[in-house]
Structure formats: structure tokens, C-alpha cells
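To keep things clear, I will list the structure first and then write my remarks on it.
The values are calculated or read from the model by the stated rules, or taken from the named source; none is laboratory data. All figures in this text were calculated on a predicted structure; none of them were measured in a lab. Cβ sites come from the backbone with ideal geometry, for glycine too, and all protein chains shown count toward neighbours. Just the protein is used for accessible areas: all its heavy atoms, side chains included, with ligands, DNA and RNA removed. Shrake-Rupley method; radii C 1.70, N 1.55, O 1.52, S 1.80 Å.
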Amino acid sequence: MRRSCTAWLAAVLCLAQGIAQATPVAATPPMGWNSWNYFAEKVTDADVRAAADAMVASGMRDAGYVYVNIDDGWQGQRDANGVIHSNARFPDMKALADYVHARGLKLGIYSSPGPKTCAGYAGSLGHEKQDAKTYAEWGVDYLKYDLCSFGELMKSTAPSNPEQQMRMMHEAYATMRTALNEAGRPIVYSLCQYGVDAVWEWAADPKVGANLWRTTGDIAPHGEFVYAIATMQAGLANYAGPGHWNDPDMLEVGNGDLTEAENRTHFSWWAMLAAPLLAGNDLAHMKPEVKAVLTRREVIAIDQDPLGKQGTRAYTDGEVEVWTKPLSHGGLAVAVFNVGDTRYAGTHPFRLDLKRLGLHGKQQGTDLWTGNAVTLDDHQVVGLASHDVWLVRIDAPHTAG
Ligand code: GLA
């Protein structure tokens, strides 16, 4: 490209391209929607268009959601040249990408380094360059790359050599990274291998160059699953930062049997974790209270804070989890999660010990779900219903004794 930068017009274009390349993708945790948690492998082109439309109509786009991601189930057959085609449910991927882009959104897609995806569709093994090129030609902006059958391939290739298996896995993810680089389009690279081999330790290495990586197995739309996954993120904060994020899986807000309190808790926890916020519900038919959670800007701002620090667990007390997240300009988010079924509701309030958060004296904050100003005392009483959350932003925390 640079070679052709002779005339001034070309020079301007080259400069613009240089700036675009220099701007990292996923500077803050990616926000969007993914088809899997609600539509699974039945997803269609019409579902994806409806999700894009709903993302605009609901105000989600204006609240920061960008990616409209098709998960497993779009793939058809490869042609005689090995080029992948979408199946009958997705008649024209380029047209679908255009539709999404016309709404100011971006399109995501899904594949596997193995011969087959988890739902049994064609994977990218041996076709990585071709597939990356095809995605770029369609206008794809995001790739979730899911280990699936590659796991079996690793085991059958090196049955008694776990180290070689891990090397194979690292190489498979690096191969697609190189292919994406060569395809010449900025594409967010999302690793999905369920946290195997402490993925957070190597996924951001430039050879692999992941922008996000799943840290656990699959989420499910039940409170216990959400809390179990959330607490498994303790200890991973140092691996996250602008351009590279721990991914505790897509949101289940609005799905399954999650109550309103659980939806709030789930969303708050993911925000505290600087997690990707990928809604996984049926956006076109969501209830107003679900939309209210997904578009709560004060909470989204915690997730998207430009400092890019993942929150950490300050302490636990019985069934209560207390987490903090440093924010830009010296601010601090404090979240208290009551994951218990019975205690601390109504007459049995929880006392938050500010000293254990490194805070001293009265603190001025904002309750991010009610919008109310709050003044916190050293032993702040938090009346917290079962499975609910108390989330506060303190703009100027007093930390001196
Ligand atoms: C795996 C992933 C899920 C989803 C399915 C699709 O289970 O972890 O997020 O992508 O595959 O088959």
C-alpha cells in the first residue's frame, strides 16, 4: 500500500489507512450481541437482521453496542476450490454484512481451528488463509475461533504428550492470527477454548494476538452458573487491558430463569470484570426491564472505563462478595453481590467494611442502579436482597488514614 503513496490524494488515503491500522481494535471490552445463547444453531439471516435493527431501535447502539455476531450454524459446504460458503439459512453473507454496516454496526462470525465446529459444521482446519480472506471479502469485523474438534485432534495426534498437544493448540491459534493479518481487514480476534492451558498467559502474545479469550466453559441462564463463572475470574485481572480482555462468556441477561435482580447482578459483575458485553438474548422481543438493564449507561461506563482495569475481589463474607474496580481519573467502583439464597435480605443487612477496600472516612458516591447520591460510612449498612447487587461509583475516594 505504502508504495503507491506518491500523489497527494494517495498520500492522504495512506495516512488515513495508517491511522486506522494504528488504532487498536477492542481498546475497551467489545460490546455487541451474539446469536448462540438464544438462537443456538437455528439462527438465520432474518434473526441477525432483526437483532441489528433491534440494537438500533432499543438504544443499545447509542449506548455503545457495536458487534452483531453470528455464532455456530452459518456454515455450508466448501466448493471445489475449498472456498467456504454459507448455508441456506444465510443466502448472502456480503449482503448481510452490508445490512449490518448500514446501521453503523459491525458483523462477527464464528469458526474452529478443527475440521468441525462444536455443532458439527465445517471448521477452518487447512483453510485458514482462505477463510480469513473470505471473511474479509464479506466485510466481517470479528471472529470467534472455537477449539471444538481441534481438541480431539490434539489428543489423537499426541496421545501421551500433553505438552505437544498444547503446542499444537497455540500454533493453531497463531495460524489464524497470521491469516487475519494477511487478509488486510481489522478483525477482532476472540479465542474460545474454555481457558485451557491458562490461556490468559499466552493469548495476548503478538504471535496469537487475541483481543479476548474465554476463561471458562459455557455459561447457562441460571444464577448459580453466572455466579460460579464470575467468581472464577478472581486472580485474572492483571491479564486484561486495552486490546486484550478476559472473556467470562456472553451475557445471559434476559434469558432462562434469571430474575430481574439476577440480570442486574450479572450485568454489574461483567462490568466490574471489564468483560466483553455481548448480549445473548432475543433483542427484537426483549422485555422493557431487560432493555433497561442492557442499556444502563452508568453501569456500561464502568465496563468501558478507558483505564481498562479489570475489577478484583476485595473480600468475601459468607455469601457476600465485595469487588472493586479502579477507574480513570482516580475513581473507584464498588460492587457488593449477595449470592446467597436467604441471608442479608431486609432485616439482616450487610455491613460493608470500607477499610478492607483501602478507604478511610466518609465517601461520596453514586448508586449506579438508582442514580441516587450516597454517602458511605466506615461500616456502611447495605440492605441487599438475595441475588441482588449494590453498585456504587466513588469519584474521589479517600484512601488516606
Ligand atoms: C461452544 C462455545 C459456545 C458456542 C458453541 C457453538 O460450546 O463455548 O459459546 O459457540 O460452542 O457450537
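Which FRET efficiency, nearest 0.05, do residue 285 and residue 85 yield, Cβ-Cβ r, R0 45 Å? Can you show the working numbers first?
Numbers: r = 30 Å, r/R0 = 0.67.
Calculated transfer efficiency: 0.90.
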(message) Output wanted: per-residue J couplings in Hz (rounded whole) for segment 267-284, from phi through Karplus 6.51 cos²θ - 1.76 cosθ + 1.60, θ = phi - 60°, x for Gly and Pro.
(response) 5, 5, 5, 5, 5, 4, 8, 6, 7, x, 9, 10, 4, x, 9, 7, 4, 5
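Which value, in debye to the nearest 20, gives the size of the charge dipole of segment 312-394 about its Cα centre, when Lys and Arg are +1 and Asp and Glu are -1 at the Cβ?
Values: 8 positive and 9 negative charges, 56 e Å.
It comes to approximately 280 debye.
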(message) Can you show me the helix-derived [θ] at 222 nm for the chain, built from DSSP H runs with n ≥ 4 at -39,500 (n - 2.57) apiece and divided by the number of residues, rounded to the nearest 500.
(response) -9000 deg cm²/dmol
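What's the extension gain from residue 181 to residue 161 if we count 0.36 nm per residue and subtract their Cα-Cα distance? Mind dumping the intermediate values first?
Numbers: separation 20, 0.36 × 20 = 7.20 nm, distance 3.07 nm.
That pair, residue 181 and residue 161, stretches by 4.1 nm at full extension.
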(request) Classify segment 25-303 as rounded, prolate or oblate, taking a ≥ b ≥ c as the square roots of the eigenvalues of its Cα gyration tensor: rounded when a/c is under 1.5, otherwise prolate if a/b is larger than b/c and oblate if not. (result) oblate
(request) Only Lys, Arg, Asp and Glu count, each charged at its Cβ (+1, +1, -1, -1), so figure out the dipole size of the chain about its Cα centre, rounded to 20 debye. (result) 1060
(request) Give me the percent of DSSP beta bridges within the chain that run antiparallel, rounded to the nearest 5. (result) 55
(request) Determine the gain in length on full extension of the stretch residue 372-residue 78; use 0.36 nm per residue of separation and subtract their C-alpha separation, reporting nm with one decimal. (result) 100.2 nm
(message) Spelling out what I want: for every residue of segment 100-107, take phi, set θ = phi - 60°, compute 6.51 cos²θ - 1.76 cosθ + 1.60 (Karplus), and round to whole Hz; glycine and proline get x.
(response) 5, 4, 4, 9, x, 10, 10, 9
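Is the shape of segment 312-394 rounded, prolate or oblate, going by the alpha carbon gyration tensor and its root eigenvalues a ≥ b ≥ c, with a/c under 1.5 for rounded and a/b larger than b/c for prolate? All intermediate terms of the calculation are to be shown ahead of the outcome.
Working: a/c = 1.63, a/b = 1.51, b/c = 1.08.
It comes out prolate by the Cα gyration axes.
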(message) Would any residue of segment 296-331 have its amide N under 14 Å from a label point 7 Å out along Cα→Cβ of residue 396? List them or say none.
(response) 329-331
(message) Please list 3J(HN,Hα) in residue order for segment 391-397, calculated via the Karplus relation 6.51 cos²θ - 1.76 cosθ + 1.60 where θ = phi - 60°; whole Hz, with x for glycine and proline.
(response) 10, 10, 9, 10, 6, 10, x
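If you roll a 1.4 angstrom probe over the protein chains with everything in place, what fraction of the accessible area of the chain belongs to carbon and sulfur, to the nearest %?
Details: 9140 of 16950 Å².
Roughly 54 percent, rounded to a whole number.
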(request) May I ask you to give the solvent-accessible area per residue for the chain, in square angstrom, as obtained with a 1.4 angstrom probe? (result) 42
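Report the extension gain between residue 218 and residue 94 in nm, rounded to one decimal, defined as 0.36 nm multiplied by the number of residues separating them, less their alpha carbon distance.
41.7 nm
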(message) Under a crude label model (7 Å from the Cα following the beta-carbon direction), how far is residue 201 from residue 171 in nanometres?
(response) 2.1
(message) Can you classify segment 163-272 as rounded, prolate or oblate using the Cα gyration tensor, where a ≥ b ≥ c are the square roots of its eigenvalues, rounded means a/c under 1.5, and otherwise it's prolate if a/b beats b/c and oblate if not?
(response) prolate
